[in-house]
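Asks: For reference, the structure I am asking about is given below.
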Amino acid sequence: MTPTESALVPQAPGGGAPTAGVRPPLPVKMVIAGGFGVGKTTAVGSISEIEPLTTEAAITEVAAGVDDLTHTPAKTTTTVAMDFGCITIDPTLKLYLFGTPGQERFGFMWDDIVEGALGGLVIVDTRRLDDCYAAVDYFEHKRIPFAVAVNAFDGRLEHTLDEVRWALDVAESVPVIAFDARERGSVRDALLVVLELALARTGG
Ligand SMILES: Nc1nc2c(ncn2[C@@H]2O[C@H](COP(=O)(O)OP(=O)(O)OP(=O)(O)O)[C@@H](O)[C@H]2O)c(=O)[nH]1
Ligand SMILES: [Mg+2]
């Protein structure tokens with residue numbers, strides 16, 4: 001076990017050795033990030049094996065002219081703190097998912113939310129690429145392994161993955177993939193890409 005892994009293994013109450021025989025799955029923290037309304041809360045909700053913890057609040061008129069609702073007219077709420085969910089990948093590994101808020105005014109929370117994360121999934125809506133630069137920049141500067149997941153709203157992408165890579169100017173080492181935030185299997189595949197990347201980075 002690497003030092004990172006051993007630091008992540010939960011200890012038995014009282015600080016003793018973990019219960020002999022049954023090893024709990026390794027807990028890994030992952031962040032689901034991205035601009036306003038790209039599908040972060042939807043993605044956490046689709047994959048979580050527990051009822052996700054959400055912090056949705058009604059979008060007020062203060063957001064008018066700030067956040068673009070043209071493409072998501074049905075969206076009436078926004079995340080004001082974070083989303084939380086989890087998914088057991090296999091008996092040895094469990095992902096704890098932390099979704100960020102998307103509105104810019106909550107940007108100050110991102111540092112706390114990503115603390116200790118092994119990797120991030122940055123969700124992008126190709127109809128509003130302008131709203132996505134900040135999240136990509138954030139992960140690049142933090143040096144947290146991340147993948148860009150293009151949410152295929154209504155089953156189609158406005159731009160090819162190569163165009164998205166070029167427009168967002170992401171490094172070749174950053175995977176750019178297409179996914180559907182509403183599909184459990186699709187979110188799982190996207191998370192596995194991040195996991196693989198993060199494990200390769202930690203030498204796992
Ligand atoms: N058609 C379609 N609608 C989607 C998809 N993903 C999310 N939605 C809808 O788009 C809206 C935005 O989804 P959210 O999951 O709230 O987005 P978010 O990124 O958490 O938003 P904030 O927390 O406000 O930044 C909701 O109305 C969803 O129902 C998708 O893949 N296809
Ligand atoms: Mg949200």
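Asks: Does region 69-175 classify as rounded, prolate or oblate by the C-alpha gyration tensor (a ≥ b ≥ c root eigenvalues; a/c under 1.5 gives rounded; else a/b over b/c gives prolate, otherwise oblate)?
Replies: Rounded is the answer for region 69-175, as its axis ratio a/c remains below 1.5.
Asks: Follow-up question, since we're still on this one. Could you calculate the FRET efficiency of E172 with A134 from 1/(1 + (r/R0)^6), where r is the beta carbon distance between them and R0 is 22 Å, rounded to 0.05?
Replies: Step by step, r from the Cβ atoms, then E = 0.55.
Asks: In addition: So, R0 is 25 Å and r is the distance between the beta-carbons of R184 and K142; what FRET efficiency does that work out to, to 0.05?
Replies: The calculated FRET efficiency here is 0.35.
Asks: Using the Cβ atoms and a cut-off under 14 Å, what net charge is assigned to the surroundings of D180, where Lys and Arg are +1 and Asp and Glu are -1?
Replies: Taking every other residue near D180 into account, the sum is +1.
Asks: Now for a separate question. Mind listing the long-range amide H neighbours of I32? Cut-off is under 5 Å, sequence gap 5 or more, other chains count too, H placed in the peptide plane at 1.01 Å from N.
Replies: The list, which skips near neighbours in sequence, is F98, G99, T100, L121.
Asks: Output the antiparallel fraction of DSSP beta bridges having both residues in region 25-202, as a percent to the nearest 5.
Replies: So the antiparallel bridges amount to about 35 percent of the total.
Asks: Per 5 Å bin from zero, what fraction in whole % of the C-alpha pairs of region 34-124 is there, up to the bin with the longest pair?
Replies: Histogram of Cα-Cα distances, whole percents per bin: 3, 13, 24, 25, 18, 10, 5, 2, 1, 0.
Asks: Quick one: 3J(HN,Hα) in Hz for region 21-33, Karplus 6.51/-1.76/1.60 with θ = phi - 60°, rounded, Gly and Pro as x.
Replies: x, 9, 9, x, x, 5, x, 10, 8, 10, 10, 10, 10
Asks: Another question about this same structure. Using modelled backbone amide H atoms (1.01 Å from N, in-plane), which distant-in-sequence or interchain residues come within less than 5 Å of L26's amide H?
Replies: It is L93, K94, by chain and number.
Asks: When the helix-only estimate is applied to the chain (DSSP H runs of n ≥ 4, each -39,500 (n - 2.57), divided by the residue count), what is the mean residue ellipticity at 222 nm, nearest 500 deg cm²/dmol?
Replies: Estimated from H runs of four or more residues: -8000 deg cm²/dmol.
Asks: At 7 Å along the Cα-to-beta-carbon direction for both A57 and T88, put a label point, then send me their distance in nm to one decimal.
Replies: 3.6 nm
Asks: Please identify the trypsin sites (Lys or Arg not before Pro) of region 23-112 that satisfy two criteria: DSSP loop assignment and at most 16 other Cβ atoms within 10 Å. Which are they?
Replies: K75
Asks: Under the Karplus relation 6.51 cos²θ - 1.76 cosθ + 1.60, θ = phi - 60°, what is the ordered set of whole-Hz ³J(HN,Hα) values for region 177-184, x standing for Gly and Pro?
Replies: Per residue, the Karplus-derived 3J(HN,Hα) values read 10, 9, 7, 10, 4, 8, 9, 3 Hz.
Asks: If packing is taken as the average count of other Cβ atoms within 10 Å, what order do 119-128, 30-39, 165-174, 95-104 fall into, highest mean first?
Replies: 30-39, 119-128, 95-104, 165-174
Asks: Restricted to Cα positions, what overall size does the chain have along the principal axes? Three whole-Å values, descending.
Replies: 56, 37, 29
Read-outs: derived from the displayed coordinates by stated rules, not from any lab. Quantities reported herein were computed from a predicted structural model and do not represent experimental measurements. Because the Cβ atoms are built from the backbone with ideal geometry, glycine has one as well, and the counts that use them run over all protein chains shown.
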